[in-house]
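A short write-up of the structure that comes next.
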Amino acid sequence: MVENLHIQRQDAEGNLTAITLEEWAEAVGRIDGIRMATGDAAAANPLTEDVVTLPNRGGDAEVYRQDCQTWMRTMFWTPEGTIRFAAPESKDDTILPLAGKLARELDAGIYDESGKAHA
């Protein structure tokens, strides 16, 4: 089962404070190896070959994967003001270090689904 993680900002009382789409896009623009995605995401189901399309709300971001020499859509801004992404399966993955840089840029942290801070 894939664990979802979130970049989110909390105030001193622990209440979530929204990260705006503008803040998100500016933070992404300041970090190498990640960029804002354009257009919707589409992928073919390998069993049925049906194409599934996921609309881009303007806050999808792509990470450059050195191992496969391609940009992959991996982080998604939500209207609630958090950024969600799947926890990498390998500690060597580039996603978590980039998420850490983005969280610092946004004065935020990385949390799991239960709201516990991710180490």
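The values are calculated or read from the model by the stated rules, or taken from the named source; none is laboratory data. In this text the structure is predicted, and so the values were computed from the model without any measurement. Every residue, glycine among them, receives a Cβ derived from its backbone with ideal geometry; neighbour counts consider all protein chains shown.
Summary of values
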item	result
Qualifying residue in the stretch 34-44 (condition: out of contact with any strand residue (DSSP E or B) (no Cβ under 9 Å at 6 or more places or on another chain), touching a residue at least 24 places away in the same chain (Cβ under 8 Å) and not β-branched (Val, Ile, Thr))	no
Tally of residues being at pLDDT 90 or above and under 12 Å from Gly33 (Cβ atoms) across the stretch 48-69	4
Count - residues of the stretch 1-54 that are surrounded by fewer than 16 Cβ atoms within 10 Å (Cβ to Cβ), of a type in the set (Asp, Glu) and in a helix (DSSP H, G or I)	2
Strands (runs of 3 or more DSSP E) fully within the stretch 70-117 counting 1 or more residues that are at pLDDT 85 or above, over 19 Å from Ala37 (Cα atoms) and among the β-branched types (Val, Ile, Thr)	109-112
